[in-house]
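Comments concern the structure below.
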Amino acid sequence: VTRDFVIDSPEAINATETVEGMDGVIDAGTTYGPRTMTGSFYFKAVDLYDYPLLRNEVYRIFQSKEAFYIIDSREPWRRWLAKVDGKFSPDQQRIYGFIEVPFISASPYAESVGTSLSNFTTDVNLWGFGNGLFAEDYQYVHTDKSFRIYNAGDATVDPRNKPLKITIKSKKNISKVSIGLYNATTKDEWTYTGSMNTTLPIVINGTRTVRSATSLTDKTNYGLITLAPGWNSIQVSGEEIAEVSFDFRFYYL
């Protein structure tokens, strides 16, 4: 049974450079380290003989070598990908065991349980207060040549380190075409020259451009589209494009 779940603040790692003869240091930027958190739990055995059996089961639950998701029931719309950090020792009080379990997440960010293509109604339990979403009609599937994409999180969605899938559908079959996407907010640009068809869309999946299982990356400018927190103004080039959709999660400190 969970008693409490405490999340530590982000750990700011400040890089600096020193110059001989100069007072102070030069600020070379800040990054965030991994995120630590602590869960307080208790378990109840049937009797004193059952206690070590239940304790061993608790060890098996938490001592996974693979990362697992942790969700705080007070914020069920966000989750942490974490592992147990170090060891813990149960405090036995007759048939009760009380434990403080340290966790560590390689990422400083929690991620939304839902994605941008999930249902945004409150009855699906994927969203809640404090998730950066307001009473607006957010759209992540577009047919226009100019539109906006909203990133409700605190972090830039960069496909080099966060999942981002952009799907581009074609109006017709064509042997050679030049198309492109441009994020005027971040100045990112992706272009592609090659064939398109109505059956298999072109997908920018992370850092790769594919059609089904076939790589098309060598037919692009090797550019990537990132999404800054807040609104991103997207421009589409190429009359053959019928639809563009953005599928990603939001990341929160």
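The values are calculated or read from the model by the stated rules, or taken from the named source; none is laboratory data. Note that the coordinates shown come from a computational prediction; the quantities given were computed from them, not determined experimentally. Positions of Cβ are generated from backbone atoms using ideal geometry, with glycine treated the same way; all protein chains shown enter the neighbour counts.
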Is it the case, given these coordinates, that Ile95 is over 16 Å from Phe5 (Cα atoms), at pLDDT 95 or above and surrounded by 15 or more Cβ atoms within 10 Å (Cβ to Cβ)?
yes
Considering only the range 129-142, I want to know if a residue exists there that is touching a residue at least 12 places away in the same chain (Cβ under 8 Å), over 19 Å from Phe246 (Cβ atoms) and assigned to a loop (DSSP other than H, G, I, E, B).
yes
Report whether or not Pro76 is at pLDDT 95 or above, outside the structural domain of Gly132 (by TED's automatic domain parsing) and closer than 28 Å to Gly130 by Cβ.
no
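Conditions (1) touching a Gly at 6+ places or on another chain (Cβ under 6 Å); (2) of a type outside the set (A, V, I, L, M), marked per residue:
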position: Phe68; (1), (2): no, yes
position: Lys83; (1), (2): no, yes
position: Lys87; (1), (2): no, yes
position: Ile95; (1), (2): no, no
position: Val101; (1), (2): yes, no
position: Ser107; (1), (2): no, yes
position: Asn119; (1), (2): no, yes
position: Tyr138; (1), (2): no, yes
position: Ser170; (1), (2): no, yes
Just checking: which of the strands (runs of 3 or more DSSP E) contained wholly in the range 1-97 hold 1 or more residues that are without any contact (Cβ under 8 Å) to a residue 24 or more places away in the chain and closer than 30 Å to Trp127 by Cα?
12-17, 26-32, 68-70, 78-84
Give me a count of the residues in the range 28-54 that are surrounded by 17 or more Cβ atoms within 10 Å (Cβ to Cβ), small (Gly, Ala, Ser) and either touching a Ser or Thr at 6+ places or on another chain (Cβ under 7 Å) or not assigned by TED's automatic domain parsing to the domain that holds Ser9 (or both).
1
Tell me which residues, restricted to the range 202-231, are surrounded by 14 or more Cβ atoms within 10 Å (Cβ to Cβ), touching a residue at least 40 places away in the same chain (Cβ under 8 Å) and more than 30 Å from Met37 (Cβ to Cβ).
Ile204, Asn205, Leu224, Ile225
